[in-house]
Amino acid sequence: MAQVTLHEVSKVFGRLKALDRVSIQFEDGEFYALLGPSGSGKTTLLRMIAGFEILDSGRITIAGEPVEDKPVEKREIGMVFQNYALFPNMNVFDNVAFGLSVRGTGAAETKRRVGESLELVQLVGLDQRKPHQLSGGQKQRVALARALVTRPRVLLLDEPLGALDKALRVEMQIELKRIQRNVAITTIFVTHDQEEALTLSDRIGILNNGRLVQEGSPHEIYERPTSAFTARFLGDANLLRGTVRNGFVELADGTRLSSAMPPGAEGTPVVCAVRAEKILLESAGGEALGQGENELPARVISHIFAGSSLTYLVGWRDETLKVHVQNRGFEVIPEGAAVRLSWPTGDTVVVQP
Amino acid sequence: MARSAVAGAPGISRSRLTTIMVLTGPAYIWLVVTVLLPLSVMLYFSFLSDVPIGKRVAVLTIENYAAFFEKDFYRILMLRSFRLGAEVTFYCFLFGFPCAYVLAKVIKGRWREALFLLIILPFWSNALVRIFSWTMVLRGNGILERAVNWLIPDFGPLGLMFTYPAIIVGLVHSYIPYMILTCYISLQAIDDHLIEAARSLGAGRFTVLRRLVLPLAFPGILAGAVLIFVPVLGSFMEPRILGGRIGTFIGTIIEDQFTAVFNWPLGAALSFIMLGIVLLILLIGVPAVRRVI
């Protein structure tokens, strides 16, 4: 259990900048998700903390101690791999006991701690099974028990739920959270699944093209994205381009958007992000469409039914916007109908283009 | 189930069985004609008193087999051959395994192909030529001796030619590609994440090798060992050319029976005894090995 600090970490693969001066402080006991599209550098970052990749420049400390020059086996980390990487030549017990036997732990102590670990992941009674006799979820639990049994200073998870099917993934998310809380270990979790990151983590760091784009609590990141990238990557956001005029953002058709935050200097081009579920969609009927603040006239292009909600694709000028509507027994607005979109001032988020 | 009962093997339908027979048939027919038939003839010969060629009279007998058990000479030679086989296999592993490891786990891309070519290259030249070229290297005042004396003046003669080590050198050179290739295949099948997982758990490189890589590569090592051990047992060219007077092994004796002494029955009998012992070793060894892995 420890604080992990990355300071200006960079890594270049050939001509590709995999990581570009990334600095993150992982707090003691927190669950931190590194979220980003593939190729964003999140896995490289995790492997660097583990020691599998050598950094070109920057510093990494675990519990205040610099570890850049330490080999993997001396870093006292626990790691869970996407494909679990259970040792196929050993049974469950020996897999979990591996880290202890490497450290020369005695037989009785090993037995007790392996037992504890397997109990923690709720996998008692399968000690003698070989990895190929386990289901995906069970393998996952063994991998977790194996990583935790040595009481590492930090737990690194590389898309650990990626190989599981949806239902099992949700179950394991809950499990993972429970176990992490139980052990109170600093956990760094790599994922490309935004929902997973939002559900599990205390904080999220968004990576794109090797840079840390934004970090904060799931709520912060979702509600207050600072860049168009974050807004689009996390959830469904509609991006509207405009120019700052008299403290408002004026869109190309003259519509004024007001935001709770200062939009920037007069005359600068900006982008506003509006979440699809924050927009109120009303049938405009035959009446003239208002041109108030945060109000857009649009036309329904199509809708997508997703059970609990309905997504409308609506056309405004040349753009297609998304609007999520909760399924409360509404009447579906037909295609081609004129609608009015509106949303509260606080939901206009001015972001970096 | 009724269908598979017809096919005789559970889970295999009739059309599938036809496919299997059509695809495997030619190979089996070929093997029967080229291997089993001549081998059966030799087995028959091994029970004859003389070669049934020309006007010689041959009667059925077991004296060829009895000779092996009556004369210490053959038994000692057989043991000597087994020792040679074991040593050559060991050195092939000792030098071949690290090479296979580097090829499979360290080198990536085009370099790997180039290095592979270097390993397979010796196969493209004639075995006899390869062994004779070794005599150029090993003989008195040969390349190796000169090189050593150039590096360390007044080192004196190496005296390697016509010795047991010379035979080992020649055989290891001939057979090491088998070990490299079989080990390479099983090493490549090991997921790199397994090695990383072991290291993340605190295992140093040696522990990873001992507890993970070697056990997982064991089938490959075993396959390589069998591929090397068996032919080395019967080898005669390398012992004869590189060993000279001391190069007498069961393989050279068998060869003598066929080419020099013209006692095919004895040669055949000794061959089958050797084959029997090898099969016995595999019969005992393989299940024991299975239990380990």
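B:R75 meets the conditions (1) without any contact (Cβ under 8 Å) to a residue 60 or more places away in the chain; (2) part of a helix (DSSP H, G or I); (3) loosely packed, with under 12 Cβ neighbours inside 10 Å in every case but one. The failed one is (3). Residue count for the range B:112-138 satisfying the condition of being closer than 25 Å to B:Q188 by Cα and open to solvent by 60 Å² or more (accessible area, probe 1.4 Å): 6. Looking only at strands (runs of 3 or more DSSP E) that fall completely inside the range A:9-117, which ones have 1 or more residues that are open to solvent by less than 20 Å² (accessible area, probe 1.4 Å) and away from chain B (no Cβ under 14 Å)? So the answer is A:16-26, A:31-35, A:57-62. The test for being within 14 Å of chain A (Cβ to nearest Cβ) and open to solvent by less than 10 Å² (accessible area, probe 1.4 Å) holds for B:L212.
For A:K130, state whether it is basic (K, R), under 25 Å from A:I54 (Cβ atoms) and within 14 Å of chain B (Cβ to nearest Cβ).
no
Just one residue in the set A:S201, A:S217 is surrounded by fewer than 16 Cβ atoms within 10 Å (Cβ to Cβ) and modelled with pLDDT of 90 or more; that residue is A:S217. Report whether or not B:L43 is in contact with a Ser or Thr (Cβ under 9 Å, 6 or more places away or on another chain), touching a residue at least 60 places away in the same chain (Cβ under 8 Å) and surrounded by 11 or more Cβ atoms within 10 Å (Cβ to Cβ). So B:L43 does not fit the description; no.
Checking B:I284, B:I253, B:I241, B:I273 one by one, the residue that is without any contact (Cβ under 8 Å) to a residue 12 or more places away in the chain, away from chain A (no Cβ under 14 Å) and assigned to a helix (DSSP H, G or I) is B:I284 and no other.
Got at least one residue in the range A:254-261 being in the same structural domain as A:A33 (by TED's automatic domain parsing) and touching a helix residue (DSSP H, G or I) at 6+ places or on another chain (Cβ under 6 Å)? No; the residues of the range A:254-261 include none that is in the same structural domain as A:A33 (by TED's automatic domain parsing) and touching a helix residue (DSSP H, G or I) at 6+ places or on another chain (Cβ under 6 Å).
Scanning the range B:83-111 for residues that are over 20 Å from the mean Cα position of the chain (by Cα), surrounded by fewer than 17 Cβ atoms within 10 Å (Cβ to Cβ) and part of a helix (DSSP H, G or I) returns B:V102, B:K105, B:V106, B:R110, B:W111. Residues of the range A:311-324 that are at pLDDT below 90 and in a strand (DSSP E or B): A:W316, A:E319.
The values are calculated or read from the model by the stated rules, or taken from the named source; none is laboratory data. Worth saying up front: this structure is predicted, and the values here are computed from it rather than measured. Every residue, glycine as well, gets a Cβ built from its backbone with ideal geometry; the counts of neighbours run over all protein chains shown. Side chains included, ligands, DNA and RNA excluded: accessible areas come from the protein's heavy atoms. Shrake-Rupley method; radii C 1.70, N 1.55, O 1.52, S 1.80 Å.
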